[in-house]
Every structure is written in C-alpha cells, then in structure tokens.
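**Q** Please see the structure below; I have some questions.
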Amino acid sequence: MLRLGLKRNLKLGFKNLARHLTRSILTMLGIVFGVAAVVAMLAIGEGASYESQERIKSLGSQNIIIKSVQPPEETKARPPSHGIASAIYGLTYADAERMQATLPGIDVVMPIRETRQDIWNRDRKIDGLVRAAVPWYLQVTGQRLHGGRFISHVDMHARAAVCVIGSAVKRKLFPYENPLGRIIKIGKDYYRVVGVMQPILSGAGEAGLVTDNNAEVYIPFTTARARFGKTILKVSAGSFEAETVELHLIFVKVTDMERVLPLAEMIETLLARYHPRRDYEIIIPLKLLEEIRRSARMFSIVLGMIAAISLLVGGIGIMNIMLANVTERTREIGIRRALGAGKRDITIQFLSETVVLSVVGGVLGLGLGVTLPLLIALFTGLKVLFTAWSLLLSFGISAAVGLVFGIYPAWRAANLDPIQALRHV
Amino acid sequence: MSLIKLDHISKTYVLGDGDVEVPALQGVDLTVNTGEYAAIMGASGSGKSTLLNILGCLDRPTGGQYFLDSQNVATLDDNRLSRIRCRQLGFIFQSYNLIPQLSVVENIEVPLFYQGQSERRCRERAVALAERVGLSQRLFHKPNQLSGGQQQRVAIARALCNDPLVILADEPTGNLDSATGKEILALLDELNRAGTTLLMVTHDDHVAQRARRVIRLRDGRIASDHFN
Ligand SMILES: Nc1ncnc2c1ncn2[C@@H]1O[C@H](COP(=O)(O)OP(=O)(O)OP(=O)(O)O)[C@@H](O)[C@H]1O
Ligand SMILES: [Mg+2]
C-alpha cells in the first residue's frame, strides 16, 4: 500500500531542505554537535580506560602483590638504638616460605627487597632504587628487557656483582654510550651492567609494583643478601631515621586466574596471623582491572546521559522547526491532499525530511566526532579508541531522534483538514 | 449509467460547541452524465463551494448518498477518498493553488506522483500536457514567474494529467481579467469537446452561457436546473 518509494520521498525531503539551506543547517547543528559529543567523549573515555586496563594487565592478572607498609599508628614507637630511630616492620622471608609451603595453586612466590642507593658512573650520579630480584622476575611481572640479559641462575649461585638498569638510570649515567659491560657503583660496591630494562608505561606504578620513574637497578637476590645482610636499613636523609624491612614485596603468581581471589583471601588470613599490626598491603591487579572496568562502565553511562540530553535538545530543535515548517506549508499540504495525497503520503513526506535532517546531521556529527579526538590525540598524546558499537549507537540514536521528533509534526501535517488547509493564506 | 448521482445530499456545519448549526446544503439531488458541461451558479453563501467540495471528495456530506461512477463514496474513509481524488478527479481553483517551489512540469506531475508512476512516465505526460495548454516554452518556470492566466493553464494541465472522470472548477476565471478569462474558458470548451466532463462554479452569467447546463443554488437547495 506504500504508494511512494522511499527513494522519491528522500529526494523530495532533500529538495525541500535544500530550499531553506540556512535553516536546515542550523537545525542540523543540534544533532551534529550531539552526535559529535557522544562519539568524541566515548572515544576519549574508551581510550583512557583501555590504557589503564593495559597497564594493569601488564602487571599480570594472575598475580597477587603483597607490599610492606609502615603501620600507621607507630612511627617512632621504638626506643632509639645507636641514637637512630628505627622501625621494624614488613614482610619477612618466613612469610614467603609459609605461602610457598601451605597455599595450594601457587605458581611462583617471588620475594623482592629494595633499597635506595646512590648509583655512580664515574662522576655521574642518580638516586636509584636497588631491587633484589630473582631470575624469573621478568616472566612474573611481564616487564621487558631493552637490551642485554636479565639476572641468571648462574648469577644467583655465584652471587655475582652484576646488575640490570632501568631506562632512566641508563639515560642519566650513560647518555651517550652503551652501558652493557660497563661497571657502575651502587652504594659502596661495584657492579657490571648486563642488561637494560624497557621503560615502564607511566602510571603503572599505581599498582605498587614499580615506580614509574624507571630508576630501578636490579641485582641478584643472593648478592643483595650477602652484601646488605638480612635486613636493609633505610636512612632518610633529614632525620636519621631508619627502617628495618626484610622484604618489600612478595609477588605471588597463581596458576589460574579463577584462583586469584580465593588465594588472596587465604594470603590475607595467613598474614593476619603473623602481622597483627597490618604492616602489609595486598594488591590484586585483577581486582583493580575489574574496578577500572566498572568505573569505565559508569563513565559510559554518564556520557550516555549527557549525550541523550544533547540529542534530546537537538531533537526538540528539529521538532520546533518542523512544526513551523508545517504551518508555513499548510497550503501546500492542502493542495497535495486535494490532488490525491493520503495522510500516509504527507506523514512520510514530513517524516523523511526530519530523517534526512537527522541522518545528515548524524553523519556530519560522526565525522566531527571522529576528527576531534584524533586531533586531540595528535596534539596531546592522549589515547583515543573508537569502537564500532559507539559509532553505530550514536548514529542510530540520531536517526531515531529524527523519527521520534518528526512524528508529531508529520502527524499534525497529515491530519490537517484539506479544505481548511487550502483556504490558508 | 450516470457519472454522478447525488441523492438528497445535505451538509450542516456545526459551529462552536454544537450550539450553532449552519445548513449549507439541504437535500440536493443531482445527476450528471459523462461528457456534460455544467455551470453551478448562485448567490454568495448559497453552498456552491460546499457542493463542489463534496463532489470532489474533499468533504463528506452529513446526509444523503453520493454515487460516483456507481460507487457510493459518501461513506468511504479518508484513505479511499484520497485514492479517488488521485485517480478519478481533477481540480481547478480560483486561486490556481500551484505549489510555489515546484516548476511547471513538477506541478503538473503531482497527482501522478501520488499514483506512484515512474519518474519518466510522469515527466513525459507532464511535458505533453504543458504543450497542450500552450506552455511548452515555460516548462521549468516557477509559478511566480508566470502570469495568472498561465498559472491557471498549469492548473488545468495538472487537473488533466490523471485522465479524470470529471474536472471540478471553482470560479476558474474569478481572478483573471476578462480577456485572459476568455482564453481559459476557450481551453475548457475545447477540453469538453474532446470528451472531458466539466462542473464549474461561477458568478458570471456570460461564463455560464458557455456551459450547456446551468444549475442554480439558493440557500443550499437547487433552485433551477436547465440546459441552454
Ligand atoms: N467550514 C465552515 N464552517 C461553518 N460554516 C461554513 C463553513 N464553510 C462554509 N460554511 C457556510 O456554509 C454556507 C455555504 O458556503 P459556501 O462556501 O459553500 O458558499 P459559496 O456559495 O461558495 O459562496 P461564495 O460564492 O461566496 O464562494 C455559508 O453560509 C457558509 O457560511
Ligand atoms: Mg465559494
């Protein structure tokens, strides 16, 4: 019963809109900006959440990280020994051994110690974080080497004086030369550089595993134990205050992602028994990942609402113009009705005008919404990510807005009394 | 078989909240045969336009029966009436009623457009009709670039384009000077000679003289109906 092909109606719609080009463009702007805003905001939001998800993933979603922290209530509780305030806290070797021995489903337990030291290459100096590491450190953390090799089992056996340096250390100490094979001074001892780490994404430090200034130096765990003893004294410059910490981090790799959360709970109970002061913190990248996903979802919902509001405003703009259009063209409607147009024909005619408006607006908005974030990305280095669904969604919504807000004016047009409409001046 | 048969058609307009009733037509009986040329006359307010609107299926009577080509159209719904207007009726208005943004050919095409004819067929027919009413030099002019007489010719071409059973004209020369009016009337005469049925409302006795039948209305009733 559809007497009019879609093509002819769209053509008619285009023609009528082209007749009032300025007005059509102004009406369209609402939709253009609405759609552009949705696409751009979603692209930026998706980009941000993608980036932080990648960061957390690089920490390994099968990992549990346990970190020594100073218990909040006692900073200077202990009597000073050797005239230096000293606090003993944190994870111990015993903790690591207990975990390895008692908890099921653990792949690797990897203890890490660290100490802040001055690191020298002749007269060049950097304040670095010396980390006692095991050969499987890379495999567990997912960090990568830039050049050379990491600490080996041979190094561990021999307690070799070798080190792997972070990218910032390389930049500072060896700005113009290849550091591999060179000797640097860490604290009082000399170490040969065997490898250079790849820089870590900024922000990865938030999970507590690594600092993101890339100023780490890795030495064999056994070497550290031999040279620094069982505990490490941290002397903060100003106050002659020392902390005695046995292990700074324990890295637990779980065999199966499913087991991460139950195992984290078991670790919590285990540690709580030996650490009533709660001088540790458990970090679960998987959980962080889920939190980020959740907040990304929230973000999308908020964006969606903003988008809905701006598209609503655009839609109301369209409706307003179309109502004016109907009034202005009352006589034309009367003529068309007298010449045989049915209500349906008039409805389709006006509806196709709004749909053309909103779809063209939607296409322009898509273009703008894709261009803007790309420009932003180009100039700020911000990551943007376009997903097919966000493009389809915003385009679909704009077309739907045209339909919904076009229906009432079209209905009004179709239901004009032909005789009255013909008399209209 | 008569083309048009009105059986006691009445039309009462109700104003306001139903308090005031205006009887525009009160029991009109009328029969028109194919090929006739009839003028409808009467004082202002006597119901000529109301009658023509009902004949043109633009309006429905409040009483009586209307057979068009032996189909009772008084009770049809809006959609069916639109189809009848589209396929079987032609209209000519006093004020031309062309669509201002459309060109001459596009205006002529409108009824064919609503019949769903192909663009090419529409265009061919429109051009042929424009030539028939003497506008072959003005095919792509807009209505406001034409004189009143030319505009009315476009309207006539438009009324012809669907090969209507009858053309209904409401004071087609009312807005034209007498010379131009005569040209239009000559064109209508010619159409009638070629077989088109014409019903024309007019105030002008000279105009009515050209028709072969004159129907006079008074207060919504047929006062006289005679052949010249
Ligand atoms: N929509 C309407 N609502 C109420 N009354 C109407 C309506 N249209 C027409 N009438 C009334 O119906 C009667 C007939 O009107 P109609 O327009 O048919 O007269 P007419 O013979 O065409 O007059 P004219 O020669 O002035 O055009 C008039 O009294 C008029 O007031
Ligand atoms: Mg009248």
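The values are calculated or read from the model by the stated rules, or taken from the named source; none is laboratory data. These numbers were taken from a predicted model, which means no experiment stands behind them. Because the Cβ atoms are built from the backbone with ideal geometry, glycine has one as well, and the counts that use them run over all protein chains shown. For accessibility, only protein heavy atoms count, side chains too; no ligands or nucleic acids. Shrake-Rupley method; radii C 1.70, N 1.55, O 1.52, S 1.80 Å.
**Q** Using the C-alpha atoms of the stretch B:14-125, what convex hull volume per residue, in cubic angstrom, is computed?
**A** 167 Å³
**Q** Mind listing the Cα extents of the protein assembly as shown along all three principal axes, in Å, largest one first?
**A** Taking max minus min along each principal axis of the Cα atoms, the protein assembly as shown gives 137, 54, 41 Å.
**Q** Determine the shielding of peptide B:115-123 by partner chains: average, over its residues, the number of Cβ atoms on other chains within 10 angstrom of each Cβ.
**A** Mean partner-chain Cβ count within 10 Å for B:115-123: 2.
**Q** Give the calculated FRET efficiency between B:Thr12 and B:Asp219 to the nearest 0.05, with a Förster radius of 22 Å applied to their Cβ-Cβ distance.
**A** In this case the efficiency is close to 0.95.
**Q** Given a 1.4 angstrom probe, I'd like the percentage of the accessible area of chain A that is carbon and sulfur, rounded to a whole number.
**A** 62 percent
**Q** Quick one: dipole size for the stretch B:54-203, taken about the Cα centre, charges +1 on Lys/Arg Cβ and -1 on Asp/Glu Cβ, in debye to the nearest 20.
**A** Numbers: 16 positive and 16 negative charges, 70 e Å.
Here the size comes out at about 340 debye.
**Q** Another one. Which listed residue (A:His424, A:Leu103, A:Ile333) has the Cα farthest towards the positive end of the charge dipole for the protein assembly as shown, taking +1 on Lys and Arg C-beta and -1 on Asp and Glu C-beta about the Cα centre?
**A** Towards the positive end, the residue furthest out is A:Leu103.
**Q** Continuing with the same structure: Could you name the lysines in cross-link range of A:Lys188, using Cα to Cα under 17 Å and dropping any fewer than eight places away on the same chain?
**A** Within the straight-line limit of under 17 Å, A:Lys188 reaches these lysines: A:Lys125, A:Lys234.
**Q** For the pair A:Tyr50/B:Phe227, report the inter-label distance in nm, with labels modelled 7 Å from Cα in the Cβ direction.
**A** Each label point lies 7 Å from its Cα, and together they span 8.6 nm.
**Q** Given a Förster radius of 56 Å and the C-beta distance between B:Glu131 and A:Tyr408 as r, what FRET efficiency does 1/(1 + (r/R0)^6) yield to the nearest 0.05?
**A** Computed FRET efficiency for B:Glu131 and A:Tyr408 comes out at 0.85.
**Q** Another one. Starting from the 7 Å offset along Cα-to-Cβ, what nm value, one decimal, do you get for the label separation of A:Glu97 and A:Leu29?
**A** With each label placed 7 Å out from Cα toward Cβ, I get 7.6 nm.
**Q** Average partner chain C-beta neighbours within 10 Å, per residue of A:328-338?
**A** Counting other chains' Cβ atoms within 10 Å and averaging over A:328-338 gives 5.
**Q** If Lys and Arg each add +1 and Asp and Glu each add -1, what is the summed charge of the other residues whose beta carbon sits under 13 Å from the beta carbon of B:Ala130?
**A** Combined, the nearby Lys, Arg, Asp and Glu give +2.
**Q** Now, a different point. With labels modelled as points extended 7 Å from the Cα through the Cβ direction, what inter-label distance (nm, one decimal) is found for A:Arg144 paired with A:Asp127?
**A** 3.1 nm
**Q** So for the stretch A:154-199: antiparallel DSSP bridges make up what percent, rounded to the nearest 5?
**A** Around 50 percent of the beta bridges assigned by DSSP in the stretch A:154-199 are antiparallel ones.
**Q** Still on this structure, please answer the following. Cut-off under 25 Å on the C-alpha distance; same-chain residues fewer than 8 positions from A:Lys383 excluded. Which lysines are left, in chain and number order?
**A** Within reach: A:Lys57, A:Lys287.
**Q** A further question on this structure: So how much slack lies between A:Met257 and A:Trp389, counting 0.36 nm per residue of separation and subtracting their Cα-Cα distance, in nm?
**A** Value of the extension gain: 44.7 nm.
**Q** Answer with one residue from A:Ser167, B:His141, A:Thr371: the one whose Cα lies farthest towards the positive end of the charge dipole of the protein assembly as shown, charges on Cβ with Lys, Arg +1 and Asp, Glu -1.
**A** Working it through, the farthest residue towards the positive pole turns out to be A:Ser167.
**Q** If the cut-off is a Cα-Cα distance under 30 Å, which lysines reach A:Lys343, setting aside same-chain residues fewer than 8 apart in sequence?
**A** A:Lys343 reaches A:Lys7, A:Lys11, A:Lys15, B:Lys5, B:Lys11, B:Lys48, B:Lys142.
**Q** In whole Å, what are the extents of the stretch A:360-400 along the principal axes defined by its C-alpha atoms, from largest to smallest?
**A** Result, largest extent first: 34, 18, 9 Å.
**Q** How would you order B:46-55, A:14-23 from highest to lowest mean count of nearby Cβ atoms within 10 Å? Show your work: numbers first, answer last.
**A** Working: B:46-55: 22.9, A:14-23: 13.4.
Going from most to least packed, we get B:46-55, A:14-23.
**Q** Tell me the net charge near B:Ser147. Cut-off is 14 Å between Cβ atoms, B:Ser147 excluded, with +1 for each Lys or Arg and -1 for each Asp or Glu.
**A** +1
**Q** In the stretch A:391-414, whose amide N lies under 15 Å from the spot 7 Å out along Cα-to-Cβ of A:His424? List them in ranges.
**A** A:408-414
**Q** In the stretch B:84-228, what percent of the accessible surface is made up of carbon and sulfur (1.4 Å probe, ligands and nucleic acids excluded)?
**A** Carbon and sulfur: 44 percent of the exposed surface of the stretch B:84-228.
**Q** While we're here: So with the 1.4 Å probe, I'd like the accessible area per residue for chain A, rounded to whole Å². Write out the running numbers ahead of the final one.
**A** Working: 20350 Å² over 425 residues.
For chain A, the per-residue accessible area is 48 Å².
**Q** Per the helix-only calculation at 222 nm, which mean residue ellipticity applies to chain B, given -39500 (n - 2.57) for every DSSP H run of n ≥ 4 and division by its residues, nearest 500 deg cm²/dmol?
**A** Values: 7 runs with 80 residues, N = 228.
Taking each H run of at least 4 residues, the total per residue is -10500 deg cm²/dmol.
**Q** Another question, if that's okay. Tell me: how much accessible area in total is hidden between B and A, 1.4 Å probe, Å², nearest 100?
**A** 2500 Å²
**Q** In chain A, which whole DSSP H runs stretch at least 30 Å along their own axis (Cα) and average -0.5 or higher on the Kyte-Doolittle scale? Can you show the working numbers first?
**A** Details: long enough: A:21-58 (53 Å, 0.82); A:285-328 (63 Å, 1.07); A:343-380 (54 Å, 1.41); A:388-414 (37 Å, 1.34).
Helices meeting the span and hydropathy rule in chain A are A:21-58, A:285-328, A:343-380, A:388-414.
**Q** To the nearest 0.05, how large is the calculated FRET efficiency for A:Leu382 and B:Arg80 if R₀ is 56 Å and r is the Cβ-Cβ distance? Provide the component values of the computation, followed by the final result.
**A** Numbers: r = 62 Å, r/R0 = 1.11.
So the FRET efficiency works out to roughly 0.35.
**Q** Charges only on Cβ, +1 for Lys and Arg, -1 for Asp and Glu: so what's the dipole of the protein assembly as shown about the Cα centre, in debye to the nearest 20? Present the calculation step by step, with values, prior to reporting the outcome.
**A** Values: 76 positive and 60 negative charges, 367 e Å.
About 1760 debye.
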